[in-house]
Amino acid sequence: GYGGSNGVEAANKGGGMNSMYARPYLIRAVYAIIPESVVNRIIPQNASLSHQVVVVGAGSFTVGAAMELFMIKTGFYDIATRNEAQRLALRKWEVEEQARLRGGDDSAPGR
């Protein structure tokens, strides 16, 4: 096998060229986006779990708030609301048309 060491131990030892591939995929993905030195400054290796949760939570909140602000400023919600209204109006028209063709009057007042 692998000489009895797992991927985390190999990554911590800095096992040469293959050490990057010994790390879990999620860690490799994070380091592909954010340099390892930046991650280690934000969340040190010896940080407590509560500190890690606070940092990740704050980062997630910030990214989510930025996405929402972007969608509001670009008019995404106005477009989505208009498209939904058009879809519902078309569906209502289709139901009324089917009722008219069947001879029923499902669109009568009071229904």
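The values are calculated or read from the model by the stated rules, or taken from the named source; none is laboratory data. On a predicted model such as this, the values are computed, not experimentally measured, just so you know. Quick note on the areas: whole protein, heavy atoms, side chains included, nothing else; ligands and nucleic acids left out. Shrake-Rupley method; radii C 1.70, N 1.55, O 1.52, S 1.80 Å.
Observations on the model:
- Taking all protein chains together, Arg28, Arg41, Arg91 sort by accessible area into Arg41, Arg91, Arg28, largest first [probe 1.4 Å].
- Residues in the range 39-45 carry Karplus couplings, in order, of 4, 5, 6, 6, 10, x, 4 Hz; the curve used is 6.51 cos²θ - 1.76 cosθ + 1.60 with θ = phi - 60°, and Gly or Pro positions show x.
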